[in-house]
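Asker: Can you keep this structure in mind? I'll have questions shortly.
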Amino acid sequence: MLLGMFFSTSKAYIEKSFEHITYNYKLFIPDGLDLISIKNIYFYIARTYYSPWIGQLICGNFCSDVTLNPPPLPYRKITDFNNSVHKMENILEICGFIELLHLGSPAAISRHLVLPLPRFREKHSAKSKSLTSHFPLNMMESTDDLLGDDGTTPSFCVLLHGALKVENMAALCNIGNDWYGILFSWADSKKKSNLMLSVLEPGSDSVPWLGDINNLVIPPNPQPGETFPIKPPEKRSYAQNCIAWIRQTGLQSDIQKILRHARKIPDKTQHFYKELNRVRRAAICLGFISLIEGLADILERECTLLPGSAHPACAFQLTHAAGLLREPYSKDTKYNIMPMKMSFI
């Protein structure tokens with residue numbers, strides 16, 4: 001911002017010099033050189049760029065005035081056929097709760113510190129009302145003089161933070177039209193933790209492994225006349241659950257289970273081939289063909305590391321299974337690797 005009587009004559013030169021600036025800029029021209037004009041333009045800058053975000057955190061009948069630090073900015077979502085701007089509302093309504101283990105670490109566009117909004121003392125209510133006409137908070141006043149004693153005032157924000165920290169859960173909240181965020185407890189040290197808001201991308205599918213967020217709630221009954229129990233038309237399947245290797249530990253535990261059964265052959269021969277075929281079919285369905293080759297190498301290596309007290313059938317079965325894993329027809333999900341027939345006298 002430049003002040004002066006000759007600003008209009010030198011405006012073209014100043015704008016030309018600003019063309020070399022890489023970051024965003026904006027010129028503010030006061031109406032005059034009096035104190036009121038300068039004060040108004042500073043109040044406008046503070047209200048536009050430095051105004052804190054103030055809203056409400058709602059969960060059922062509980063409500064708490066909160067503020068976010070840093071204040072959230074409008075988010076522009078650009079797709080192939082759409083260009084939309086999303087602005088966070090001043091109401092954070094909690095939709096439900098989910099365990100952090102199931103939530104994982106979804107991608108977030110921003111993270112904010114959630115603080116309970118302190119209340120003003122009554123003796124400053126008239127003074128603060130005159131200040132809010134220009135700027136919500138008087139930055140020249142002492143915070144201790146304007147703010148009340150927050151430690152003695154009950155706050156739902158503090159209650160929610162303590163509950164999420166103890167239960168190791170997160171709260172899913174609605175922050176706008178088809179826009180969601182995650183409230184969770186984050187600790188920057190062993191003794192201090194804070195309530196954080198992680199803003200997800202706009203849309204109900206911002207967490208891919210959870211699916212559509214709108215489907216996490218129970219839908220209303222379209223036909224109130226029907227009562228439970230209702231027999232579903234489809235036939236129930238009691239087959240074993242599918243394998244999902246979301247984390248590395250899941251794959252390692254399945255391979256270790258195969259090796260544990262392999263060391264106990266011939267007593268665990270059927271269990272060994274059952275787990276081997278289960279992992280093999282899962283690898284084929286996921287296109288993880290390199291896992292089958294690696295599993296064959298692991299079985300051959302385990303065969304060389306067998307102790308002298310191992311049963312002779314153990315080495316034969318491991319070599320037999322490793323050889324069949326490398327065959328082309330073993331890449332078919334309908335094919336089952338069968339145990340090698342043998343008899344010891």
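Asker: For region 153-204, name all the residues that are assigned to a loop (DSSP other than H, G, I, E, B) and surrounded by 17 or more Cβ atoms within 10 Å (Cβ to Cβ). Talk me through it step by step, then tell me what you get.
Answerer: Initially, region 153-204 is screened for residues assigned to a loop (DSSP other than H, G, I, E, B), giving 153-155, 168, 177-178, 188-192, 200-204.
Of everything in region 153-204, those that are assigned to a loop (DSSP other than H, G, I, E, B) and surrounded by 17 or more Cβ atoms within 10 Å (Cβ to Cβ) turn out to be 155, 200, 202.
Asker: Working carefully through the options 339, 307, find the one that is in the same structural domain as residue 254 (by TED's automatic domain parsing) and either surrounded by 11 or more Cβ atoms within 10 Å (Cβ to Cβ) or in a loop (DSSP other than H, G, I, E, B) (or both).
Answerer: Numbers: 339 fails: in the same structural domain as residue 254 (by TED's automatic domain parsing).
Sole residue among the options that is in the same structural domain as residue 254 (by TED's automatic domain parsing) and either surrounded by 11 or more Cβ atoms within 10 Å (Cβ to Cβ) or in a loop (DSSP other than H, G, I, E, B) (or both): 307.
Asker: Just wondering, is there one or more residues in region 32-52 that are touching an Asp or Glu at 6+ places or on another chain (Cβ under 7 Å), modelled with pLDDT of 75 or more and not in a strand (DSSP E or B)? Can you show your working first?
Answerer: We begin by selecting, within region 32-52, every residue touching an Asp or Glu at 6+ places or on another chain (Cβ under 7 Å); these are 37.
Keeping just the survivors that are modelled with pLDDT of 75 or more gives 37.
Of the ones still in play, those that are also not in a strand (DSSP E or B) are 37.
Yes; the residues of region 32-52 include at least one that is touching an Asp or Glu at 6+ places or on another chain (Cβ under 7 Å), modelled with pLDDT of 75 or more and not in a strand (DSSP E or B).
Asker: Then there's this: Tell me which of these residue 287 doesn't satisfy, since it passes every other one: (1) in a helix (DSSP H, G or I); (2) free of Cβ contacts under 8 Å to residues at least 12 places away in the same chain; (3) of a type outside the set (Val, Ile, Thr).
Answerer: (1)
Asker: Might you check whether a residue that is modelled with pLDDT of 75 or more and either in the same structural domain as residue 184 (by TED's automatic domain parsing) or β-branched (Val, Ile, Thr) (or both) occurs anywhere in region 8-28?
Answerer: no
Asker: Taking residue 84 as the residue in question, decide whether it is small (Gly, Ala, Ser), under 23 Å from the mean Cα position of the chain (by Cα) and more than 30 Å from residue 162 (Cβ to Cβ). Walk me through how you get there before you give the answer.
Answerer: On the way: small (Gly, Ala, Ser): yes; under 23 Å from the mean Cα position of the chain (by Cα): yes; more than 30 Å from residue 162 (Cβ to Cβ): yes.
Yes, satisfied.
Asker: Of everything in region 288-345, what is within 17 Å of residue 256 (Cβ to Cβ), among the small types (Gly, Ala, Ser) and at pLDDT below 85? Give them in sequence order.
Answerer: Once the filter is applied, which keeps residues that are within 17 Å of residue 256 (Cβ to Cβ), among the small types (Gly, Ala, Ser) and at pLDDT below 85, region 288-345 yields nothing.
The values are calculated or read from the model by the stated rules, or taken from the named source; none is laboratory data. Fair warning: this is a prediction, and the values are worked out from it, not measured in the lab. Ideal geometry is used to build each Cβ from the backbone, glycine not excepted, and the neighbour counts take in all protein chains shown.
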